[in-house]
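The values are calculated or read from the model by the stated rules, or taken from the named source; none is laboratory data. Keep in mind that this is a model prediction, so the values were computed, not measured. Cβ sites come from the backbone with ideal geometry, for glycine too, and all protein chains shown count toward neighbours. Areas reflect the complete protein model, heavy atoms only, side chains present, ligands, DNA and RNA absent. Shrake-Rupley method; radii C 1.70, N 1.55, O 1.52, S 1.80 Å.
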Amino acid sequence: MKLYDYILSPSCYKVRLLAALLGIPLELRAVDFHPGGEHRTPALLALNPAGSIPILEDDDLRLTESAAMLVYLASLKSSDWLGRDTAAEAARTEQWLSFAQRLTASLGGARLCEMLLRPGDLAALQAAGIAALRELEAALVEQRLRGERFLVADRPTIADIACFPYVALAPDGSVSLDPYPSIRLWLRAVRALPGFIEMPGIHRLHELKPEPVHGAEGEPA
Amino acid sequence: MTIGAMRDEWYPVGLRSKVDANGQQTLLMGEPIRLHESEGGEIVVETADGRRLPVVIGHGHVWTSLGQPDKPLFAIPEADQPGRRLVEVGVVRVRCSPLRAVENFLDIAHFPFVHTDILGAEPHTEVERYEVEIREHEDEVWATKVKFYQPQAAKSAAGGITTDYMYRVPAPTCSVLYKTCPARPGEWDVITLFVQPLTEELCDVWPWMALYDDVTPMTDLIHFQQMIFLQDRSILENQIPRRLPLDPGMEIPTRADLTSVAYRRWLKRHNYTYGAQLVAQ
Ligand SMILES: N[C@H](CCC(=O)N[C@@H](CS)C(=O)NCC(=O)O)C(=O)O
Ligand SMILES: [Fe+2]
């Protein structure tokens, strides 16, 4: 299975992360996204006319949406991760997979502006990102009242993996996570999963050191 | 705050390979500037009111100055050796003082905690004694005989090795590090951090490398360095105080290692204070 990948891409990291959690080996093909802009070259546009990464190839299957890749990986290994146990759970999982696209556009857009100097309306992107974070915080509070630690159940699903990277990296686009205690707890729960892997800007939990009690997500442990 | 003595230094403002006739806008020490390539292939840098600034091309980048540099751009003779691959890593913006960005680059003690399992690993957290000096003739800060155990010192490193390092500060916002070259023992890989000060608390960082490595694809070399630098970015953005204190009594000395102390002393001696905090607050 071959992933067209970029080490700093949160969308690519979703796929790397779930593959690691499920123990599925990936062949990585690095794409020179920055500064090269290789995703917009004819060779890559031939694979994905949308000009985005990730792209996942397995035999004659080619996927260009990270949500579809998560469904594919989870379907190969374990139905638990699919988040489809009941009709309501299936629908809520889909809801979060679509919500994740809003995170990509808003928080991801702010991050590209702030970090890699991509042109864009930074204030509008940050405002849209904050609106999405407030919605996520409210949903996670409700989940906790139900006694569930993750987005659609008390176990992690592809809904969590789809939303996790852009939320965790919000500070890269100068959007603080300090106001969202439930989001911070949920980020920790994802980072604590067995087999979790990091990406630059998302640190692993350092077991030897107690985390500071307040506002420490995104900082070195 | 006035720019002071740092006004007459050279700063990187773009990758030479990316500047074309369309040009690009950027900021240097609070002053908006524009770069473009003229019809004759010459790079022109000017301020918003049309003042032409001095330009020099070197180490893959366009360098300019708001003032009048009295020295040529510092040389990196090793990078000119034939057979090296020159890696243009590209720009990364960081909300931190330009001096902080250089100081972090000089600090080897953070490797096991920030670049875990790559440039360092627990329990190998000890930094052995090494030598630091301000070389008077070159007017540069040098740290030599630095040794550190690294799980994956470079893209081309197959496993853990003890790596030798030398650090050099040839200009207030630039650092060059030399480290053991896994592919060619006896030679040094060159890894640089060139920092463009946008304001005293905002900078564009242009990492650049000159490596002996004939095997690794260029994109993987770029990504290895971007991965390392992006691990630093979130830490740089959270440092307090935001500006680099030049008063040695101010910060807890565990982080301010020997090289950092020498760097701050050298900055202070030259009145290089753009991005510095001068009095305890
Ligand atoms: N198809 C979406 C695209 C994800 C996305 O936005 N990827 C970014 C990189 S993180 C991208 O390729 N952007 C193209 C660009 O900004 O030019 C997905 O798979 O979730
Ligand atoms: Fe670092």
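Take A:Y72: with every protein chain present and a 1.4 Å probe, its accessible area is about 50 Å². Based on every Cα atom in the protein assembly as shown, Rg and the maximum pairwise Cα distance Dmax equal 23.4, 76 Å.
What percent do you get for the relative contact order of chain B when only Cα pairs under 8 Å and 6+ apart count?
Values: 579 pairs, mean separation 61.2, N = 281.
Relative contact order here is 22 percent.
Taking all Cα pairs closer than 8 Å and separated by 6 or more residues, the relative contact order of chain A comes to 20 percent. When you count the other C-beta atoms within 10 angstrom of each residue and take the mean per peptide, A:182-188, A:28-34, B:265-271, B:81-87 line up highest first as A:28-34, A:182-188, B:265-271, B:81-87.
Roughly what percent of Cα-Cα pairs across chain A reach past 33 Å? Percent of Cα pairs beyond 33 Å in chain A: 13. The calculated FRET efficiency for A:L45 paired with B:N271, based on their beta-carbon distance and R0 = 51 Å, is about 0.45. Computed over protein heavy atoms with a 1.4 Å probe, the carbon and sulfur contribution to the accessible area of the protein assembly as shown reaches 53%. Label-to-label distance, B:D139 versus B:H36, with points set 7 angstrom from Cα along the beta-carbon direction: 3.5 nm. Working note: Debye formula, equal point scatterers on the alpha-carbon atoms of segment B:78-244, no solvent; log10 I(q)/I(0) at q = 0.13, 0.19 Å⁻¹ is -0.62, -1.41.
Taking segment B:96-110 and a reference point 7 angstrom along Cα→Cβ of A:S174, the backbone N atoms nearer than 17 Å belong to B:96-98. Long hydrophobic helices in chain B, taken as whole DSSP H segments with a C-alpha length of 24 Å or more on their own axis and mean Kyte-Doolittle hydropathy at least 0.0: B:218-237.
In plain terms, the bigger the Kirkwood radius, the slower the diffusion; for segment B:33-119, with that radius from Cα pairs, at 25 °C and 0.890 mPa s, Stokes-Einstein puts D at 148 µm²/s.
Using a Förster radius of 56 Å, what is the FRET efficiency between A:I24 and B:D247 based on their Cβ-Cβ separation? Nearest 0.05, please. The formula returns an efficiency of 0.55 here. Inter-chain neighbour count for B:225-234: the average number of beta-carbon atoms from partner chains within 10 Å of each residue's beta-carbon is 5.
May I ask what percent, to the nearest 5, of DSSP beta bridges between residues of segment A:2-77 are antiparallel? Expressed as a percentage, antiparallel bridges in segment A:2-77 total about 60.
Summing Cβ point charges (Lys, Arg +1; Asp, Glu -1) relative to the Cα centre of chain A gives a dipole of roughly 160 debye.
For chain A, a Gaussian network of Cα nodes joined below 10 Å ranks A:A88, A:A110, A:A19 by mean-square fluctuation, and the top entry is A:A88.
Any of A:K2/A:K77; B:K155/B:K179; B:K71/B:K147; B:K18/B:K179; A:K2/B:K155 with alpha carbons more than 22 Å apart? Name them for me.
With Cα atoms farther than 22 Å apart: B:K71/B:K147; B:K18/B:K179.
Using just the C-alpha positions of segment B:121-193 as equal point scatterers, what log10 of I(q)/I(0) does the Debye formula give at each q in 0.13, 0.28 1/Å? The Debye formula, applied to the Cα set alone, gives -0.42, -1.28. Residue separation of B:A48 and B:T199 scaled by 0.36 nm, minus their Cα-Cα distance, works out to 52.7 nm of gained length. Comparing mean-square fluctuations of B:G67, B:G58, B:G186 from a GNM of chain B with C-alpha springs under 10 Å, the top value falls on B:G186.
Report for the protein assembly as shown the percent antiparallel among DSSP-assigned beta bridges with both residues inside it, nearest 5.
Bridges in the protein assembly as shown that DSSP calls antiparallel: roughly 90 percent.
Within a straight-line Cα-Cα reach of under 20 Å, B:K145 can be paired with the following aspartates and glutamates, leaving aside sequence neighbours fewer than 8 residues apart in one chain: B:E78, B:E103, B:D107, B:E126, B:E128, B:E131, B:E133, B:E136, B:D164, B:E187, B:D189, B:D257.
Highest GNM mean-square fluctuation among B:K71, B:K179, B:K145, for chain B modelled with Cα contacts below 10 Å: B:K71.
Per-peptide packing, taken as the mean over residues of other Cβ atoms within 10 Å, places A:133-142, B:9-18 in the sequence B:9-18, A:133-142 from highest down.
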